[in-house]
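Report on the following structure.
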Number of protein chains: 2
Amino acid sequence: MRVKLIGHLQQAYPPRLRRRLLEVMAPAATRTEELCALHAAVGDCFAETAARAVQELFGDRRRPEVIGSHGQTICHLPPRRAAGTSRSFVGATLQIGDPARIARRTRVTTVADFRQADIAAAGQGAPLVPWTDHVLFTNAKRCRAIQNIGGIANVTYLPAAGRPDDVIAFDSGPGNMVIDEFVRHFTKGRRQFDDGGRRARRGRVVEPVLRAWVRHPFLRRRPPKTAGREEFGRTFVQQALRSADASTVRPDDWIATATALTAQSIADAYRRFLPTRGRQPVLDELIVTGGGARNATLLGMLADALPAIAIQPIDEFGIPDAAKEAVSFAMLALACLDRVPANLPRVTGAQGPVILGAITPAP
Amino acid sequence: MRVKLIGHLQQAYPPRLRRRLLEVMAPAATRTEELCALHAAVGDCFAETAARAVQELFGDRRRPEVIGSHGQTICHLPPRRAAGTSRSFVGATLQIGDPARIARRTRVTTVADFRQADIAAAGQGAPLVPWTDHVLFTNAKRCRAIQNIGGIANVTYLPAAGRPDDVIAFDSGPGNMVIDEFVRHFTKGRRQFDDGGRRARRGRVVEPVLRAWVRHPFLRRRPPKTAGREEFGRTFVQQALRSADASTVRPDDWIATATALTAQSIADAYRRFLPTRGRQPVLDELIVTGGGARNATLLGMLADALPAIAIQPIDEFGIPDAAKEAVSFAMLALACLDRVPANLPRVTGAQGPVILGAITPAP
């Protein structure tokens, strides 16, 4: 599969639809009728944006072959988590946003429900982008890692000339989550993130705090593993602020230390869980994506922690960061039409490779 | 499309799963996690039965090309009904029972979500069997009607050598619903239906009551139209029992009169809404399906009301009544793979013909 991005378009939910969605998301309770109505309403919202994109990129005379629609996840219960409930021992996942409405509006075959087949094969149903990372970025000569730094940081490792089976992918630990939480705390919610890493640059990393943080059990656990707010959310930050010497640490120092935690935990994860030569990971290029890729202080710390590795933003590979997810799901949609398995069992924990997605034919 | 039934298998929900489903069905409220878990649990239940059927009918060495899975409807809001709510002006429908689990278990491509495309095209998403009735039963020389007598009675009219556009289908009125409700009332719930029509045969039709009933506004309304418990459920029966001369009517007379209502309303519907010659419908053969086809008294009354029309149970056409729905959705699944539109816009009210279903490829 060869990929060329011809354009992308992003559209936020209308505020009222967004509120309705937040109200039904697990662990919420809801009326079944509201879920049913939202399935159609979200589908119409997606359909409208897809129709605009098709019109802008293809005009009146041509159509794309396929649209991929991830859908809006309203509940995701991978096997491990579901096993802890009394109700069910199998995994389950539910995305809404009726693809029939997208196919109807755009007159384009639409693939959706990408996570179900992996879950049915006892996988976690996530992450799904490692396969697209493999197709997009595997290089014949150079070992690469795609490091996404969102709330949580996750890495896809692509050995030189590697096959799908050779891909390693897991959550390395916190991305921006701890940094953002400190910023929100110190600005009383007026700021959501450390723009460009400016506050971290003014601060000073508190080494004893950092040394304690990097001993977090999640960071030592072997992959496959996924992190969330349970590990690095508000509780983590509030515990830090309550610690003995907290009063002597200035706000910018906390932010700098949180930034160092992200950089350090990424570098540590590479040394622990990727192939190494000497004590360094076998890695030539690091491609960074996500909001963290716009944090210059974080990137500087990462460069210090991983000497001799070229760090580049994904944009230099012809894919703007903002388009990465859309590119991935367009690729997954085509893989479904071509009946190419696109889960990576070693990454998701599935029992084997499966074809992802359900195809709604254009009417 | 040529159809040959090679076997069928029916399996009831396990009681606990059935209870969980009844608890979430609209207009119920529920937890989003429970709906998500049920999507998987119902999928596994379907998958197990499908796997048994595949094993019994195909053995170890062969597989069918496709499985059709209607799914369990937990909410159906066709456009007209949704227009009456403040939340949404579009139709919506939600079936659960993850087809990825059926495809996984059986290793067979599975088509599901048949109603969405018709709803997206502003149709009612129902009924869908008129197209399969057309494919199965349209005859070059004889005009036929397929009269299903379930709770509600619905008819598909197939003119001789007709095309899909020529098909007429609508709910004619009550099927067994009024009869069953009287039986439940008089037996205090110990009996659910009039087995073979034995009680109706012992009773006497109360003509003034029947004359009042057949003036019900639903019966006079032009198709397309659909009936439900709102029209012919418990309320209808309780009003009848409260009427002035009710005390002089014996239980079996009520049951006989309810049976006559079904027969009469079917015959009236044909004279009103099907093509007629003189005052009789242009109809050579009437093929009856559903529980009502096993009510001899009802069939006798229907024969009296429709002289010169041959009435035959569907079983004589090689399709046991119990297999009819399964045959229909197998056909609809194949139509989806072949990209054949299978809604009938004249029947569902959709803006045009659309391909029904979403295809989950075998893994």
Debye, to nearest 20: dipole size of the stretch B:129-204, +1 on Lys, Arg Cβ, -1 on Asp, Glu Cβ: 620 debye
Counting DSSP beta bridges with both ends in chain B, the antiparallel % (nearest 5): 65 percent
7 Å along Cα→Cβ, label-point gaps from A:Gln10 to other copies, nm, shortest first: 5.4
Cα-centred dipole magnitude for the protein assembly as shown, charges only on beta-carbon of K, R (+1) and D, E (-1), debye, nearest 20: 680 debye
Shielding by other protein chains, A:112-119, mean Cβ within 10 Å: 5
Sequence-distant lysines (8 or more away, or on other chains) whose Cα lies within less than 27 Å of A:Lys324: A:Lys4, A:Lys141, A:Lys225
Between helix B:324-337 and chain B: long-axis angle, C-alpha atoms, 0 to 90°, nearest 10: 40 degrees
Teacher prompt: A:Thr187 distances to equivalent labels in other copies, 7 Å Cα→Cβ, nm: 7.1
Calculated on alpha-carbon atoms, Rg and Dmax of the stretch B:141-272 in Å: 15.7, 51
Nm distances between copies for B:Gln55, ranked from closest, using label points 7 Å along Cα→Cβ: 5.4
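Would you calculate a helix-derived [θ] at 222 nm for chain A, using -39,500 (n - 2.57) for each DSSP H run of n ≥ 4 and dividing by the full residue count, to the nearest 500?
Using -39500 (n - 2.57) per qualifying helix, the result is -12500 deg cm²/dmol.
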Mean-position separation - Cα centroids, the stretch B:178-220 and the stretch B:47-76, in angstrom: 38 Å
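Diagonalise the Cα gyration tensor of the stretch B:111-164 and give the resulting equivalent ellipsoid semi-axes, square root of 5 times each eigenvalue, largest first, whole Å.
23, 15, 9
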Partnerless Cys - the protein assembly as shown, beta-carbon criterion under 4.7 Å: A:Cys45, A:Cys143, A:Cys336, B:Cys45, B:Cys143, B:Cys336
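Quick one: work out the % antiparallel among DSSP beta bridges in the protein assembly as shown, nearest 5.
If we restrict to bridges inside the protein assembly as shown, about 70 percent are antiparallel.
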Taking the C-alpha atoms of the protein assembly as shown, convex hull volume expressed per residue in Å³: 186 Å³
Residue mean of other protein chain beta carbons inside 10 Å, A:41-52: 1
Exercise: per-residue mean of other protein chain Cβ atoms within 10 Å, B:8-18: 0
Between helix A:177-186 and chain A: long-axis angle, C-alpha atoms, 0 to 90°, nearest 10: 70 degrees
0 to 90° range, to nearest 10: angle between helix B:296-305 axis and chain B longest Cα axis: 70 degrees
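FYI, it's all coordinate maths here, none of it is from the lab. Source: prediction; values computed, not measured. Cβ: placed from backbone, ideal geometry, glycine included. Neighbour counts: every protein chain shown.
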